[in-house]
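Here is the structure we will look at, set down as structure tokens.
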Amino acid sequence: MQVSVDISLYPLHQDYIPQIDAFILLLNQEPNVQVVTNALSTQLYGEYETVMGLLARAMGEHIAIHDDSVFSIKVLSGDRSDQNG
């Protein structure tokens with residue numbers, strides 16, 4: 001089953017860019033998930049189990065280091081990658 005995920009990370013302090021960049025690098029480690037980043041959020045496209053496993057790992061690694069962040073996540077059924085413009 002294919003899914004599309006829209007995720008935004010909001011670190012709760014002024015030096016937020018390095019945390020966001022590091023999180024996006026974690027997301028890009030999974031070759032079976034298409035990752036599209038723009039100024040407002042990041043979209044993930046792929047197989048449900050793979051995408052959710054990636055999110056669990058990446059968010060877990062981030063939260064283990066930074067306890068001052070908020071994640072906003074939307075999960076859509078199906079591959080919506082052709083509609084990301």
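The values are calculated or read from the model by the stated rules, or taken from the named source; none is laboratory data. Everything numeric in this text was worked out from a predicted model, so none of it was measured. All Cβ positions, glycine included, derive from the backbone under ideal geometry; neighbour counts span all protein chains shown. These accessible areas exclude ligands, DNA and RNA; they are computed on the full protein's heavy atoms, side chains included. Shrake-Rupley method; radii C 1.70, N 1.55, O 1.52, S 1.80 Å.
Would you mind calculating the gained length between Val75 and Glu47 on full extension (0.36 nm times residue separation, minus the Cα-Cα distance), in nm to one decimal?
Full-extension gain reported as 8.9 nm.
Residue by residue, what Karplus-based ³J(HN,Hα) values in Hz, rounded to whole numbers, does the stretch 44-60 have, using 6.51, -1.76 and 1.60 with θ = phi - 60° and x for Gly and Pro?
Running phi through 6.51 cos²θ - 1.76 cosθ + 1.60 with θ = phi - 60° gives 10, 10, x, 5, 3, 4, 5, 5, 5, x, 4, 4, 4, 5, 5, 5, x Hz.
Highest first, please rank the peptides 3-10, 59-66 by the mean number of other Cβ atoms sitting within 10 Å of their residues.
3-10, 59-66
Rolling a 1.4 angstrom probe over the protein chains, ignoring ligands and nucleic acids, what is the accessible area of Arg57 in square angstrom, nearest 10?
We get 120 Å² for Arg57.
For the chain, find the longest principal axis of its Cα atoms and tell me its angle to the long axis of helix 17-27, 0 to 90°, nearest 10.
40
For Ile65, what is the net charge nearby, where nearby means another residue's Cβ is under 15 Å from its Cβ and Lys, Arg count +1, Asp, Glu -1?
Value of the local net charge: -4.
Sticking with the crude label model, points 7 Å out along Cα→Cβ, report the distance from Gln34 to Ala22 in nm, one decimal please.
3.0
For the chain, what is the mean residue ellipticity at 222 nm derived from helices alone (per DSSP H run of n ≥ 4: -39500 (n - 2.57); sum divided by total residues; nearest 500 deg cm²/dmol)?
Value at 222 nm, helices only, nearest 500: -11000 deg cm²/dmol.
Compactness ratio of the chain: Cα Rg over 2.2 N^0.38 Å, N = residue count?
The value comes to 1.04.
List the residues whose amide H sits under 5 Å from the amide H of Ser69, counting only those 5 or more places along or on another chain, with H placed 1.01 Å from N in the peptide plane.
When sequence neighbours closer than 5 places are left aside, the close amide H contacts are Leu12.
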